[in-house]
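So the structure is just underneath, and the comments pick up after that.
The values are calculated or read from the model by the stated rules, or taken from the named source; none is laboratory data. Since the structure is predicted, the reported quantities are computational estimates derived from the model, not experimental observations. Cβ sites come from the backbone with ideal geometry, for glycine too, and all protein chains shown count toward neighbours.
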C-alpha cells in the first residue's frame, strides 16, 4: 500500500497525470551479460591487473626450485593468501587486512606453543624417553630389511602414531578447542575478524594434528605456513605500491562519481510517462534502482571514514572531499524521494483498482461467507469504502492539456538538473583522474570553471522558472474549474507535491554544484596531503560497526541486524530522559546468570560450539593409533579445514555456500588438472610451461575472485584454493618428494574432492543437529527491531513537530540513511531464504515485502522530520489539527499497531482480526471534517510553504497507509486470531465517508 494517499487521488489514477521527460529515454537497458563480466573499464582493469600480477608472482615461487626448497611444500600458501586477500583496494586498508590475518596466525602460533608445552608435560619424561628408545630400536630393526634409512622409518612410525598418548591428546584437544571456540565467536561477532579467525584456526589445526604425534617440542611447526603467508602479504604490498596505487580520496571520489551517474537515470525515470510498457511501469524495478543507489552510497561510507588516514597527491585533500558528503547526501535523498514517489504512485494505483474491484464492484451477496474466507477482509472492506469515496464527481482529474503543459515544464527542469549533475561528475573526474599525468592546463580548468558556473546559473534560473510556470498552470486550471464547480484539495495535491519534489531536487543539485565549483576554484595546484590522525585504524580493528572501504558483507555477517544505530539509540535515550521513566533492574546475580546463559546460547555462542564439535569429529582420527597414519597420508587436514570453513552462522547461508563451495571445488580442480597436464604433459612438470599456463588460468580465477557476487564468493575462493593445491602438490611430488605427498595430477584432485565432500557432509550434520540455526528467524528478529526503531523515529517526530526546532532536520537524514542501509543489506540474506528448510511461516517473498514496507515507512518519517524544521509553524499546526497527527488517540492506535507488528514478527503469532485499522481512514475522516468545501486560492498555489504542507500531508497519509499494509502482509502470513462475529461489527461504527 505504498504511497496510497497520493495514488488515491483521481489525478494520480489517470495515466497521464505524471509529467514525463520529453527527451529520449536514458535509463539503462537490461544487461545481456552477467553483471560480474561487466567490468571492462579502465578503473576495474587496473585493479584486476594488479591482483593478477600479485597472484602470478606468488605462483611462480612454486616453480622456482631454490624458492621451493627454501619455503617447502606449502609454497602455494602465498598464492592462497592472495586469493583470500587480493590487493584490490587502498594500500592502508590492505595493510590493515593483512594485519588482521597475521594477528590470527601469530595468536594461534603463540597459543599452539603453550599448548604443545603443556601437552608434552602431561606425559612423564621417563615414559617419553623409554618410548623413544623403543622407537629407535624398532626402526633400526626394520631398516635392515628396507631401502629406507633408520631416520626415515622412525619418521614414518611417528606419523603412524607410535608416540601417541591419551594424556597428551586430551590436553592438546582441550586447550586448542578452547582457542578455536574463541576464534569462531570472534568471526561470528565481528566480520572484519574473518581472516583472523580462519587463519588462526588453520594454524591451530597444525598443532592439533601434530602435537599428539611428535615425540618432542617443536615450536617452529607453523613456519611451513607462516613464511609463505608473509611472502604473500609482501607481494600484495609491493603490487599495491607499484601498479596503479590508489589513495582513499581517489576511491571516495570514484564512488561519488558512480553515485552521481546512478542518480541521473532515476531522476529521468521518476517523471517519465506512466503509460509506457509494463516493464517501465513496474514499481519493483524503480525500487531496485533505489536500492542500488543506497548500496553504492553505503559502500562509500567506510572509505569516507578512512580519509583522515589518507596520504595522497592531488588538487583536493581529505577535508575538501569530506565537504562533498553532506550535499551529495542531500541530492541522493531528494532524487530518491522523487523516484520512490513515482514507485508508490504506481503501486498505489494498482492496489486501489484491485481493492475496489474485489470489495465494491464484485461484492458478493453473502458477505459473511466472503468475510470468513479471506484474511484481513474487515480491514480491506473498510479500505475499499474509503477508496470508493474518493471517486466522487468533485474529484475530477486534471485535463489532458494541463497534463501536457506539466509534462513539458517538468521535462525542461529535469534536463537542466541532469546537466548540472553531469557538470559535477565531469569536474570530479577531471580532478580525480588527472593527478599525475596529463594534468589539466589552465585553459581546461577555466573551461571547466565556466561550465560549472553556467550549469549553476541554469539551475537557479530553471528552478525559479519551473515553480512560476507550474504555479501559473495550476492557477489557470483552478480558475477554469471554479467556473464549473467548487475545487477541493485532492485534485491538485499530487501536482503540488510533485512540483515541490522536483524543486527540491533542483535546489539540492544546485547546492552540490556550488560546493564543488567553490572547491575547484580554490584548489588550483597539486599538493601533497598527509594523514591527519591515526586513531581510526585502531577503532577499525576493534569496533565491529566500523567497516573497511570496499568490504563486502559476508554470508554470516551479523552486522545486517544492526538496524538500531547509535543515532537512533541516542534519540531514544533523549526521549526516555524527557519522559523520566526507567525499567526496573534485576538482581546482579540474576543478571550474571542470565548474561552467562545468553553468552553461550546466542547465535555466536552456538556457532562456536558447532565449530568445536566439528573440530573434534574431524580431528580425532589423527590422534587414534589405528587411523593416524591413514589420516596423515591422505591429508585429512584438508577435510578438517573444509568442515571448519564451511560452517556458517545461519542455515540459509550454509545451504547456498555448501553448493557454491562444492561447485567451486570441482571447477577449480578441473582448471588445476588442465594447467598441470597442458604445462607438463606426462613429465615431472615443466616450470616454464606451467608458469605460462598458470598465468592464463589465473586470469579467470582472479576475475571470479574480484567480481563474483558476494553470495558466490566462497565458491570462487574454494575454486582458487583447489586449483593451487592440484598444481602445487603435483609439482612438489615430482621435485621435492616427501612421505605423505598425495600424488600427481588426477590423484591429487580426487583426493581433494573426496576430502571436501567429507568436510561438507560433516559440517552439514553439525549445522543441522540438534536444531539448524534459522536465518528466517534471525531476519524476522532483525525486521522486528527495525519496526521498533521506526516507532522510536515516529516518537521523535511527534516530539519535534510544531516546536520550531532544527533537531528533526539534523537527525532526519542520518537516521533515515542508516536504517535504509541496514534494511537494504537484508536483501541478500532474504533472497537466500529460498535455500533454507525452516519451520518459520515467513518465506523469502513475505519477508521481502515486509522489508520494502519498512523502507517506505522510514522514507516517509524522514521526510516528515525534515519538514518539521522547514515547514512554517502555522502549517505544522494546521496539519496536526486536520489529520490528528498529534491526537493522543490516533498516536496510541499507531503505536499499538506497530507494537503488535513488532511482536508478530518476533513470535510468529497471529494478529487479532479487529484492529484500529485502516489507520489512514481515521486520518482521512478527520481531514474531511475540517476541510469540506475548501477552495485552493492562487496565493496558496504560489506559496512555497503550502507546497511543503502538501508534501507533509502526503507523507503522513502514506505513512499510515504503509502501517496498514504491514498489518495485511503479516495477517496474510500468520493468519488472524480472536475472531469477532460479523453481527457485532456495528459496534465498530463503520460509517461511510464522502470527501
Please determine whether any residue of the stretch 861-869 is at negative phi and either surrounded by fewer than 21 Cβ atoms within 10 Å (Cβ to Cβ) or in the same structural domain as residue 291 (by TED's automatic domain parsing) (or both). yes
Would you mind stating whether residue 382 is under 20 Å from residue 260 (Cα atoms) and at pLDDT 65 or above? no
Single match in 224, 220, 211 (criterion: over 25 Å from residue 625 (Cβ atoms) and within 48 Å of the chain's Cα centre (by Cα)): 220
Among the residues in the stretch 725-732, are any over 24 Å from residue 762 (Cβ atoms), surrounded by fewer than 21 Cβ atoms within 10 Å (Cβ to Cβ) and more than 23 Å from the chain's Cα centre (by Cα)? no
Tell me, yes or no, whether the stretch 874-884 has at least one residue that is touching a helix residue (DSSP H, G or I) at 6+ places or on another chain (Cβ under 6 Å) and at positive phi. yes
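Listed here are the residues, each with its yes/no results for (1) within 29 Å of residue 824 (Cα to Cα); (2) modelled with pLDDT of 70 or more.
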residue: 315; (1), (2): no, yes
residue: 318; (1), (2): yes, yes
residue: 332; (1), (2): yes, yes
residue: 337; (1), (2): yes, yes
residue: 364; (1), (2): no, no
residue: 378; (1), (2): no, no
Which of the residues belonging to the stretch 758-784 are in a helix (DSSP H, G or I) and within 22 Å of residue 848 (Cα to Cα)? 775, 776, 777, 778, 779, 780, 781, 782, 783, 784
Within the group 659, 678, which residue is closer than 23 Å to residue 751 by Cβ and modelled with pLDDT of 90 or more? 678
I'd like the full set of residues that are crowded, with 16+ Cβ neighbours inside 10 Å and either under 30 Å from the mean Cα position of the chain (by Cα) or on the phi > 0 side of the Ramachandran plot (or both), limited to the stretch 432-462. 432, 433
Inside the stretch 747-759, the number of residues satisfying the requirement of being farther than 19 Å from residue 646 by Cβ and exposed (fewer than 15 other Cβ atoms within 10 Å of the Cβ) is 1
Pair list, Cβ under 7 Å, 6 or more apart: the stretch 247-259 residue free of Cβ contacts under 8 Å to residues at least 40 places away in the same chain, other residue assigned to a helix (DSSP H, G or I) and surrounded by fewer than 23 Cβ atoms within 10 Å (Cβ to Cβ): 258/296
If I filter the stretch 82-91 for residues that are surrounded by fewer than 17 Cβ atoms within 10 Å (Cβ to Cβ) and closer than 30 Å to residue 230 by Cβ, do I get at least one hit? no
If I filter the stretch 133-151 for residues that are part of a helix (DSSP H, G or I), in contact (Cβ under 8 Å) with a residue 40 or more places away in the chain and under 57 Å from the mean Cα position of the chain (by Cα), do I get at least one hit? no
